[in-house]
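Below is one structure, written out as structure tokens; the observations come after it.
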2 protein chains.
Amino acid sequence: MARPTKQAQHINIREAIKEVAWQQMVDVGAAELSLRAIARAIGVSAPAIYNHYADRDVLVTALIIDAYTSLGDYQLAARDSVPQDDIRGRLHATGIAYRAWAHAMPQRYQLIFGTPIPGYQAPPEVLPVAGRSLRALVSVIDQACATNVLNSVAIPTVMPVELPMFTVWQQHTGAQMPEALTVAIMIWGRVHGLVSLEIARAIPAFGRTGDGLFVYEMEAIEKQFLVHS
Amino acid sequence: MARPTKQAQHINIREAIKEVAWQQMVDVGAAELSLRAIARAIGVSAPAIYNHYADRDVLVTALIIDAYTSLGDYQLAARDSVPQDDIRGRLHATGIAYRAWAHAMPQRYQLIFGTPIPGYQAPPEVLPVAGRSLRALVSVIDQACATNVLNSVAIPTVMPVELPMFTVWQQHTGAQMPEALTVAIMIWGRVHGLVSLEIARAIPAFGRTGDGLFVYEMEAIEKQFLVHS
DNA sequence: TTCAATAAACTAACAGTGTATATTTACAGT
DNA sequence: ACTGTAAATATACACTGTTAGTTTATTGAA
């Protein structure tokens, strides 16, 4: 038999493939992702995957897009759990959410920010959703800028050659002011640096609950970029 | 013939293997490193590699150790190019050197801080040399601490459970004061965060020469952690 | 000078990977 | 009822890391 009856098939195989892929990442790590193993787990031949994803990279891209979306949602929810006029609180919550998300699903984090897939190069279609994952942070900084509580003195401007890329980023992140995006990138770098070292288990845990260093960093960020009344 | 005459062999095959491996990383990226391709480039059968490295991971470990050593040397040299009493200058030079090294040899950087090798887990033997790569930064912070110009107010302490690991790190980095290591880790996180995003081409270049954001960050670091006279 | 031991190469093979090709078949629409 | 399409199939290819068994050049000792 070349094709089983419909009832034996998954309702939505595309989703099933991604689910199994995430499960595999949890089990054996993002680097060991294997099309054949996914097919085996679903109970289908390996080339059957190609009916739903053109090749491995397309599948990986779909996973990355999901991960970025999840990260973005997580941060937006965290931001909105704090009153709109509490800019400092919103900034803090967004940073904490970034770290919490990474610790809750390190495979997704590694998939986005590590380079676990040999030969994989992210295609341009992830750009919008990658930008969206910065929206929460950018919006807070933008609001700080608009209400005149942003300290971005002497912040550098983007290189002329990079201006097209920067403009695209501004659109996808929804940044009103260019310097808001620049500050967001700086904050992102700091948050990401610490979190990536934590995820890689390169640094020990600090404080009573393990997030001491990160909280210290968030407070330093707030002190540096928000004018304190 | 099962074994060629001695003159046809490399003088030091272990080194030749590593050289070819680095070349491959430059050519096709760290993720696509292949034992067979290395053997092919040297003009030798694939299993012959196993006479010199027990398996792929051992070779990768050797490469990582070399990379860490190179990174450590680079930063120590940068530190020593500035007079010993100029702590701020030494800190700045060390940070700039970290970034310069990463940009000069992104493959080495990716090998250490990315996770480009499927299934590879760094063995404990890289710990000393990884610690050594922090020595330059740690020594400057230590000196700042000793001369009472370090601002580490309210810096958190390591979790009790992590204290053994922290102590080992203190030894390998040569940290005199525990808080010096903690501050060094924080600074490392910030420098690493920005640099890793740059290397991944996740953020655009700023300023006239492309290092605007990084220089801005270094100055912020200096302002935060060094008491300004 | 002869001889055995060792180290380092070899070939062949195994299990795994992503992917291409050509084939078969269940289902939907006319 | 027939046909076109979509989705599965088996088979095959070129890779990968790794193991096993074999062969030989070189070295040190008798």
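The values are calculated or read from the model by the stated rules, or taken from the named source; none is laboratory data. Keep in mind that this is a model prediction, so the values were computed, not measured. All Cβ positions, glycine included, derive from the backbone under ideal geometry; neighbour counts span all protein chains shown.
Numbers at a glance
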| read-out | value |
| --- | --- |
| For A:Gly119: the one exception among (1) within 14 Å of chain B (Cβ to nearest Cβ); (2) within 14 Å of DNA strand D (Cβ to nearest atom); (3) buried (at least 17 other Cβ atoms within 10 Å of the Cβ) | (3) |
| Elements of type helices (runs of 4 or more DSSP H) contained in region A:11-124, each with 3 or more residues being free of Cβ contacts under 8 Å to residues at least 12 places away in the same chain | A:13-28, A:35-42, A:56-80 |
| Residue list for region A:129-148, restricted to those being more than 14 Å from chain B (Cβ to nearest Cβ) and within 12 Å of the chain's Cα centre (by Cα) | A:Arg132, A:Arg135, A:Ala136 |
| Selection from region A:29-51 of residues that are within 14 Å of another protein chain (Cβ to nearest Cβ) and more than 9 Å from DNA strand C (Cβ to nearest atom) | A:Gly29, A:Ala30, A:Ala31 |
| Candidates B:Thr167, B:Thr173, filtered to the one that is out of contact with any helix residue (DSSP H, G or I) (no Cβ under 7 Å at 6 or more places or on another chain), without any contact (Cβ under 8 Å) to a residue 60 or more places away in the chain and β-branched (Val, Ile, Thr) | B:Thr167 |
| Test result for A:Ile155, within 23 Å of the chain's Cα centre (by Cα) and within 17 Å of A:Gln224 (Cβ to Cβ) | no |
| Residue match in region B:34-44 (condition: among the hydrophobic types (A, V, I, L, M, F, W, C) and closer than 27 Å to B:Leu134 by Cα) | no |
| Qualifying positions in region B:163-206 - within 21 Å of A:Arg99 (Cβ to Cβ) and among the β-branched types (Val, Ile, Thr) | B:Thr182, B:Val183, B:Ile185, B:Ile187, B:Val191, B:Val195, B:Ile203 |
| Condition check for A:Ser152: more than 8 Å from chain B (Cβ to nearest Cβ), of a type in the set (Ser, Thr, Tyr) and touching a residue at least 24 places away in the same chain (Cβ under 8 Å) | yes |
| Filtered residues of region A:96-106 (kept if surrounded by 22 or more Cβ atoms within 10 Å (Cβ to Cβ) and within 14 Å of another protein chain (Cβ to nearest Cβ)) | A:Tyr98, A:Ala102 |
| Within region A:52-85, tally of residues that are within 14 Å of chain B (Cβ to nearest Cβ) and either of a type in the set (Phe, Trp, Tyr) or within 16 Å of DNA strand C (Cβ to nearest atom) (or both) | 5 |
| In region A:183-229, the residues that are among the polar types (S, T, N, Q) and either within 7 Å of another protein chain (Cβ to nearest Cβ) or buried (at least 24 other Cβ atoms within 10 Å of the Cβ) (or both) | A:Ser196, A:Gln224 |
| Complete set of residues in region A:70-96 that are over 19 Å from A:Asn148 (Cα atoms) and touching a Leu at 6+ places or on another chain (Cβ under 6 Å) | A:Thr94 |
| Residue selected from region B:8-28 under the condition more than 14 Å from chain A (Cβ to nearest Cβ) and more than 13 Å from DNA strand C (Cβ to nearest atom), by the criterion modelled with the lowest pLDDT | B:Val26 |
| Residues of region B:146-172 satisfying the condition of being closer than 21 Å to B:Pro83 by Cα and crowded, with 18+ Cβ neighbours inside 10 Å | B:Leu150 |
| Complete set of residues in region B:155-176 that are more than 18 Å from B:Met186 (Cβ to Cβ) and within 8 Å of another protein chain (Cβ to nearest Cβ) | B:Val161 |
